[in-house]
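The values are calculated or read from the model by the stated rules, or taken from the named source; none is laboratory data. Source: prediction; values computed, not measured. Here the Cβ positions follow ideal geometry from the backbone for every residue, glycine too, while neighbour counts run over all protein chains shown.
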């Protein structure tokens, strides 16, 4: 279908067209999520899907829509620098919207949510393409969108302490693996926000959080526990360092702080002091 069709839908306030079946419309929008043309992808496809999810259009079909988005995480996985990243990055963003809708309306089973959580976690630590803005093609932002999906998962009542702990481990794993692509698109801030979503559930004890911060801190200093230099040490540690700073800011300023804020702030500040010793006067 021509882009003009969807521009007309958009200009009309995004009503669900009545001239075609919803499943056909959804399949077309899903295909457009992988387009390298930002006007189609984040200008038309994503706004349509996100708006219809929020309006309840998919409430009876939410499980199927989520499964379709989870399948999109596998398209071209392992590639780097090609256009397949758009399908993965925007599929996980839509999946985050699906999860947020369930958090509001309680439409899904625990098994469905946990299954998607496993797939998001597996994809996020395996994703190789961490580009943010792609010239002439717009935003990819796989890491940032993945972080948003983690935040939606963390807020799900279907997740208990073990699952919330796994989400924190996924954040740490992703930071440790991000050694040669320095995120400059706000991804580490979004990961910190996802971490706050976990902390607000008040399910993960401080005795788990302290060594978790220590693990990230060990990869946040070019002079720390990483061993001899391999490549640019600042590039290898930039993601972990930026995350610790973002988490510090979240703990200081975010509304509705978790009960562990004071204790965790001390741990994060100590990690920042240790990993920035050369910069402190």
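Before moving on, here are some points about what is shown:
- Exclusive hit being under 16 Å from residue 84 (Cβ atoms) and either in a loop (DSSP other than H, G, I, E, B) or touching a helix residue (DSSP H, G or I) at 6+ places or on another chain (Cβ under 7 Å) (or both), set 128, 112: 128
- Check on residue 93, in contact with a strand residue (DSSP E or B) (Cβ under 9 Å, 6 or more places away or on another chain) and either within 18 Å of residue 32 (Cα to Cα) or modelled with pLDDT under 95 (or both): no
- Screening residue 67 on (1) assigned by TED's automatic domain parsing to the domain that holds residue 127; (2) farther than 16 Å from residue 91 by Cα shows it passes everything except condition (2).
- Options 172, 161, 70, 100: the member that is under 27 Å from residue 216 (Cα atoms), in contact (Cβ under 8 Å) with a residue 40 or more places away in the chain and under 14 Å from the mean Cα position of the chain (by Cα): 172
- Residue within the range 13-22 that is at positive phi and out of contact with any helix residue (DSSP H, G or I) (no Cβ under 8 Å at 6 or more places or on another chain) present: yes
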